[in-house]
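Report on one structure; see the data block that follows.
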Amino acid sequence: MDRNPSDPGRLQRAPESFVDRDGVRTVFAQARHGRRDFIRSAFAAAAAGAAAPLAFGQANPVPAAGGDPNILELPEHSKGLGQPVATDGYGKPSKFEANVQRRPSPGLTQTSQSSVSFAPLQSLFGIVTPAGLHFERHHQGWWDIDPSKHRLMLNASDPSLLKRPMVFAMDELMRLPSVSRFHFIECGANTGMEWGNVAVPTVQYTHGMLSCSEFTGVPLRVLFDLAGVDYKRARYVLAEGADGSSMTRTIPMELVESGEVLVAYGQNGEMLRPENGYPLRLVVPGVQGVSWVKYLRRIEVGDKPYGTKDETIHYIDLLPSGLHRQYSSTQEVKSVVTTPSGGQVLLDKGFYNISGLAWSGRGRIRKVDVSVDGGRSWRAARLEGPVMAKCLTRFNIDWVWDGKPAIVQSRATDESGHVQPTYRQNRAVRGTRSIYHNNSIQSWLVQESGEVKNVQLS
């Protein structure tokens, strides 16, 4: 660091809502006509008319002289009684943080039930996503299921693969030995809109189908041992959800045998939220989110992949040849700078803390390099502990902005040696019309005006 951090630059937050109701209707209308750039156009139009919120310092600036009344004059909260204890039985964020919200997709899907919302990565600290800000992806809406009536069934495609088919009630599951682990979950389509070109303006919409929680539950291996699974012959698992979409996914048995796969009921110290699969969901660390089946009601063991609809038609990797890859569900090494990021404004020259998140479905993050000149040179960032396997890792690096244009990037390397690729490298293999598993290096352009924009380097 070559400048005192006590002389920091100020940061104006990104506008949190780019698309109003009229904008959403415009997006949907354009989408029906098959326009590739419909999302980008709608965002740009809405952003141009949006009034950006003021930065903290700008909204209530420190006077140049005469003393700061915020110090010299005692405010009301220093002179009287506050509100009674436990006015709200379940706490809420400050009203001054009301703009920090997960926000729905403006154009990915055209029904409110089969849709997605994005976590506000640009407003979060550390690695844990508050449960109320965890991204949502639903194929047929969410339910608040009565846990006293919910059951989990274990069965087999061939009766010889399982000695004892079993049915568990929630209280029976919660009496079994449990573990709690921190893991990230990322939708396989996260950053999917960016395969062809820049599509959306902020990190919330480019990378916000990503969250991280401490999950609590019973290792699936424990249930399989109780049921007497024949591990030599039963090499695959079919997980099925209880919602109307009957989401089903094939899970390789080796993931279960490792002990990593959990039948989870807890998240960040409380029961799962209904939007996240209450009362029971599968946790499959390192694997795309669609395999973390919500409202989990049945697990079947078999001797071959099941080839369900959502793993043969959707969630596949299109190749330039027109062929596609199946069962490529591991989330490869990836990172993104969240500050500064799209929509934010640097108000001054001076010191800034570049901060972001890195993750890999193959284990721990080994290092993150950061560039402010579009990849011509790189510096190693600080990895903030704890650094855990298949979990988000927060990184930081000091930067003094000289007021000139800069392109800020991050590049992660995981413990398996995989290095996050550039867009050019990814497109050489995957082309430009894919949807899933885009782990390319993200670029943010800091303009001379201080405005930060989403860009891609050719």
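Scoring 79-88, 357-366 by mean Cβ neighbours within 10 Å over their residues and listing the highest first yields 357-366, 79-88.
Here is the list for region 79-146: chymotrypsin sites (Phe, Trp or Tyr not before Pro) lying in DSSP coil, each with at most 15 other C-beta atoms within 10 angstrom of its C-beta, are 90, 125. Along the axis of the charge dipole computed for the chain (Cβ charges of +1 for Lys and Arg, -1 for Asp and Glu, origin at the Cα centre), the listed residues 152, 434, 228 are led at the positive end by 434. Overall, the accessible surface of region 303-458 at a probe of 1.4 angstrom is composed of carbon and sulfur to the extent of 51 percent. How many percent of the alpha carbon pairs in region 68-203 exceed a separation of 20 Å? In whole percent, the share of Cα-Cα pairs in region 68-203 beyond 20 Å is 72. Of the GluC sites (Glu not before Pro) found in region 353-458, those that fall in a DSSP loop while having at most 10 other beta-carbon atoms within 10 Å are 448.
Cβ neighbours within 10 Å, averaged per peptide: list 307-317, 169-179 in order, most packed at the top.
The most tightly packed comes first, giving 307-317, 169-179.
Accessible area per residue for the chain, computed on protein heavy atoms with a 1.4 Å probe, is 47 Å². For region 171-298, the carbon plus sulfur part of the accessible surface works out to 50%, probe radius 1.4 Å. Can you match P(r) over Cα pairs in 20 Å bins from 0, in percent to one of these, [x] 25, 59, 15, 0; [y] 23, 53, 22, 2, 0; [z] 20, 34, 21, 18, 8, 0, based on a calculation from the structure here? Only one option fits the structure, namely [y]. Tell me which of 284, 126, 208 sits at the most positive position along the dipole axis of the chain, charges placed on C-beta atoms (Lys, Arg +1; Asp, Glu -1). My answer, from the dipole projection, is 284.
The values are calculated or read from the model by the stated rules, or taken from the named source; none is laboratory data. In this text the structure is predicted, and so the values were computed from the model without any measurement. As a convention, Cβ positions derive from the backbone with ideal geometry for all residues, glycine included, and neighbour counts pool all protein chains shown. Protein only, heavy atoms only, side chains kept; ligands, DNA and RNA dropped before computing areas. Shrake-Rupley method; radii C 1.70, N 1.55, O 1.52, S 1.80 Å.
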